Structure formats: C-alpha cells, structure tokens
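Let me begin by presenting the structure, written as structure tokens, before commenting on it.
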Amino acid sequence: MHRYRTHTCGELRKENIDETVRVSGWVHSVRDHGGIIFIDLRDQYGLTQVVIDPSKSFYKGVEHWRAESTICFTGKVVARIPEAVNPKLPTGEIEVVAEEMEMLGESKVIPFQVAKEEECNETLRLEYRFLDLRRESLHNNILLRSKVIARIRELMTGEGFTEIQTPILTSSSPEGARDYLVPSRVHPGKFYALPQAPQQFKQLLMTSGFDRYFQIAPCFRDEDARADRSPGEFYQLDMEMAFATQDDVFEVNERVLHQIFTGFSDKQVDDIPFTRIPYREAMDKYGTDKPDLRNPLIMQDATGLFRDCDFKAFAGVVASGGVVKTIAAKGCAGESRKFFDDMIKFAQSVGSKGLGYLRWMDGEIQSPIAKFLSEETLAALKDLGGVGDGDVMFFIADKEKAACEIGAAVRDE
C-alpha cells in the first residue's frame with residue numbers, strides 16, 4: 001500500500017465499499033457524536049468522511065485533531081446509513097472507518113477559519129497566505145487559472161503558433177511605465193531591466209522566420225495598481241503573426257477567447273465574429289475605447305443644434321471649438337430632484353462644470369435650460385435621442401477630449 005494514500009479525498013464512491021484504503025489530507029471539521037468522532041478530511045480533490053471509534057488506540061489523541069492538521073488514515077470503506085447520505089458531496093454515500101492513523105503535521109490554533117468563507121483582516125490573510133490559499137474560493141481560483149492557461153496553450157498550438165520563452169533580464173526598452181532595474185553582479189554599477197513586455201524580442205523572432213509566436217508572458221511595470229491589473233507584475237497572452245492582416249489577428253483571438261469564455265464561464269458569450277467598433281465610433285458613442293456594452297446608453301453629438309442658440313453656456317463652448325454631447329436615458333424622468341442633483345455633483349467630480357438636462361414629463365419639458373431653447377431645437381433634440389414622455393436627456397459641453405472622458409463616466413454612473 002502507498003505510504004500516504006491509495007485514493008484522494010474526492011475519489012471514493014459506493015463502488016469502493018469493503019475496500020481497505022488510505023487517505024491523507026487536512027482536517028476540515030471534527031464532530032463528536034456521542035463518543036464516535038467524525039472527521040471531514042480534505043485535499044485538493046474533495047472531502048471524505050472518516051469515522052473513529054472510541055475503542056481505537058489513537059482515539060485518545062482527539063484533543064490534538066485541530067482544524068487544518070495533516071493526517072493520514074487507513075481504513076475500510078463502508079456505506080453510510082440512508083439518513084446520513086450527503087447528496088451535496090460526490091463522496092456522500094460512503095465513509096471510511098479508520099483502523100490506523102498517522103499524524104503527519106499537527107496544527108496549532110489557526111488565526112482564521114479555513115473551512116468557512118468569512119471576512120478576515122487582509123494583513124493577517126497575507127501573513128498566513130498558505131492557509132488563506134486553502135480556502136475553497138481562492139484555491140479554486142488558482143486551479144482555474146492553471147486550467148485556462150493550459151487550454152490557451154492547446155488552442156494557440158492548434159492555431160499553428162509556436163510557444164517561445166523570451167529573456168527576463170534584458171536591457172531597458174521602455175513601454176508605458178517605469179522599468180524595474182536589477183543590479184548586475186558581473187558588471188558593477190550597471191543594471192538589467194525587467195521587460196515591461198516582450199515587444200522587441202518577439203519582433204526579432206518574426207524577422208528570424210518564426211511565423212507564429214506566442215507566450216504566456218510575464219510583464220514587469222513599476223506602476224500603481226489598477227482596477228484590472230495587479231501592481232508590479234502581470235501575465236498576458238502575447239502573440240505575433242507574420243504575413244498577417246489586422247483581420248487575421250482578430251480572427252485568431254476571437255476563436256481562442258470565445259472557446260476560453262464558453263469553456264470556463266457560465267455567462268452568456270457573444271457569437272463570433274465579435275462586434276468590432278472603430279476607435280472613432282467608440283469615442284463618439286461611449287467616450288472610451290473599452291466601453292462596457294452591457295450598458296445600453298450611448299452619447300450623441302448635438303453640437304450643431306447649440307451653435308446659434310440662446311443658451312450662452314453651450315453656445316460659447318461651441319464657438320470656442322468645443323462640442324455638446326447628449327445621453328438619452330429612458331424612463332428616468334420620474335426620479336427625485338436628489339437624483340438629478342447627485343448626477344450634477346458626480347459630473348462635477350469628474351471634471352465637468354455642470355450637467356444640463358431636459359426632462360420630458362406629463363407632456364411638458366421640465367428643465368432649467370428649456371427656456372433658452374427654441375421649439376425647433378427642442379424638437380430636434382427629441383428626435384436625435386428618440387426620447388418621449390418619461391425620458392431624460394443629459395448634456396455635457398466641453399472640449400472634445402474632456403467631453404468624451406466626462407461623458408464616459410456619466411454614462412456608467
């Protein structure tokens with residue numbers, strides 16, 4: 001019999017009943033039912049319930065069976081009584097009656113719960129990261145990352161790409177951030193740089209005749225954290241294609257990413273080809289080149305309608321070369337005054353001087369700026385936004401770049 005295990009903790013089924021097995025893992029939980037001890041033993045693959053009878057010689061060590069201790073049990077697989085079957089567990093129809101026990105690593109009192117997903121001080125979690133990564137959600141995240149990368153490699157190889165690792169210690173080749181520098185032992189006073197991206201190396205590979213290259217590439221950038229990126233280092237799918245058009249690159253990425261998202265997510269994924277939005281259109285409609293398309297609101301240009309109007313605040317912006325952007329929001333007219341005040345404050349917090357709006361409600365247009373606009377302008381704005389009773393149109397007036405940035409933030413808010 002193997003020194004540590006014949007089966008994993010997620011492997012045993014009713015087909016294994018009457019077999020003598022050995023399992024090793026961490027103590028997930030301990031329950032005392034009238035002297036008989038039940039231990040849920042956990043490893044990466046699942047849980048197995050181990051039963052310990054008081055007659056066993058190792059029973060006296062029960063006070064040492066703390067959560068997260070590492071234990072090896074040898075015993076016989078038996079069927080659970082019907083009322084004790086746990087349909088939520090793949091191993092829920094069986095249990096192991098322990099005949100032998102070996103303590104592989106006795107745990108001290110742990111600083112936070114591993115078996116339960118509960119809030120915990122982040123500094124404490126990082127100090128005991130080896131325990132934190134035993135928690136189911138984090139553990140599964142690491143496993144998911146591994147599976148995704150393995151699948152990417154499979155798909156990219158299937159697309160005819162060759163995986164090549166590029167150097168880490170290199171000379172400086174600045175991208176969009178500061179380099180991380182590493183002192184050289186053999187060249188005192190000189191430094192290597194860590195690559196922000198393998199840009200020059202992959203271009204060398206292309207000129208060397210490697211037709212399709214890819215790499216799960218580490219990138220090191222001395223920059224602050226972002227909402228979608230860890231500080232300091234991250235990994236990316238890096239690729240390069242010879243004799244290829246832009247559409248060729250798009251098509252490869254679409255095929256690979258579509259299979260990754262449909263294979264590892266239960267979320268709805270668009271069919272391929274994905275929607276392709278030219279940069280100019282993205283900036284005009286969404287104010288950003290990475291819009292969240294789940295948000296149905298779009299920006300529209302109303303600059304021409306305000307060029308000669310009596311509303312001097314907007315007319316002045318247009319006369320100085322600025323633009324007026326609108327966002328039509330359906331069904332918002334019934335919101336409270338506080339809603340509109342809060343929207344104005346938000347717009348100001350992202351750099352706008354204010355946020356104009358027209359509210360179509362009960363057959364009227366309610367707005368501080370409506371009195372400055374002609375009937376023709378109001379009608380044209382209504383047609384532009386496709387709005388009607390119950391709807392609102394918001395306005396941002398500024399230089400084009402600023403209007404796009406402000407509009408993008410207001411749209412999401």
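The values are calculated or read from the model by the stated rules, or taken from the named source; none is laboratory data. The structure presented is a predicted model; accordingly, all values stated were derived computationally and were not measured. Quick reminder, even Gly has a Cβ in these numbers, built from the backbone with ideal geometry, and neighbours come from all protein chains shown. Note: areas computed on protein heavy atoms with side chains; ligands, DNA, RNA excluded. Shrake-Rupley method; radii C 1.70, N 1.55, O 1.52, S 1.80 Å.
For the reader, a short list of remarks on this structure follows.
- Ser57-Tyr279 pseudo-label distance in nm [points 7 Å out on the Cα-to-Cβ vector]: 7.7 nm
- Loop-located trypsin sites (Lys or Arg not before Pro) in region 373-407, at most 16 other Cβ atoms within 10 Å (DSSP): Lys399
- Orientation-averaged projected area, Cα convex hull of region 329-413 (nm²): 5.5 nm²
- Calculated FRET value between Lys338 and Tyr45, using beta carbons and R₀ = 60 Å, to 0.05: 0.65
- In plain terms, the chain from Arg13 to Glu233 could stretch by 74.9 nm, reckoned as 0.36 nm per residue minus the Cα-Cα distance.
- Sites listed here are trypsin sites (Lys or Arg not before Pro) in region 310-354 whose DSSP assignment is loop and whose Cβ has at most 15 other Cβ atoms within 10 Å: Lys330, Lys353.
- Which of Phe161, Phe274 is most accessible, then next, and so on - probe 1.4 Å: Phe274, Phe161
- Residues of region 162-185 with an amide N closer than 17 Å to a point placed 7 Å from the Cα of Phe210 along the Cα-to-Cβ direction: 162-171.
- Relative to one another, the C-alpha centroids of region 305-358 and region 22-91 are positioned 65 Å apart.
- Accessible carbon and sulfur surface of the chain relative to its total accessible area, %, 1.4 Å: 52 percent
- Relative contact order for region 1-124, counting Cα pairs under 8 Å that sit 6 or more residues apart, in percent: 27 percent
- For region 342-413, relative contact order (Cα pairs under 8 Å, six or more residues apart, normalised by length) works out to 38 percent.
- Centroid-to-centroid, using Cα positions, region 109-148 and region 208-276 are 28 Å apart.
- Each peptide in 88-96, 285-293 gets a packing score, the mean of other Cβ atoms within 10 Å over its residues, and the list from highest to lowest is 88-96, 285-293.
- Relative contact order for the chain, counting Cα pairs under 8 Å that sit 6 or more residues apart, in percent: 9 percent
- With the convex hull drawn around the C-alpha atoms of region 260-350, the volume per residue stands at 177 Å³.
- With a Förster radius of 60 Å applied to the beta-carbon distance between Asn141 and Glu400, the computed FRET efficiency rounds to 0.90.
- Convex hull volume per residue in cubic angstrom - Cα atoms of the chain: 276 Å³
- Mean accessible surface per residue for the chain, computed with a 1.4 Å probe while every protein chain stays in place, in Å²: 59 Å²
- The DSSP beta bridges internal to the chain are antiparallel in roughly 95% of cases.
- Estimated FRET transfer efficiency when R0 is 22 angstrom, pair Asp289-Ala177 (beta carbons, to 0.05): 0.70
- As a rough guide to protection, the peptides 116-129, 169-182 ranked by mean Cβ packing within 10 Å, highest first, stand as 169-182, 116-129.
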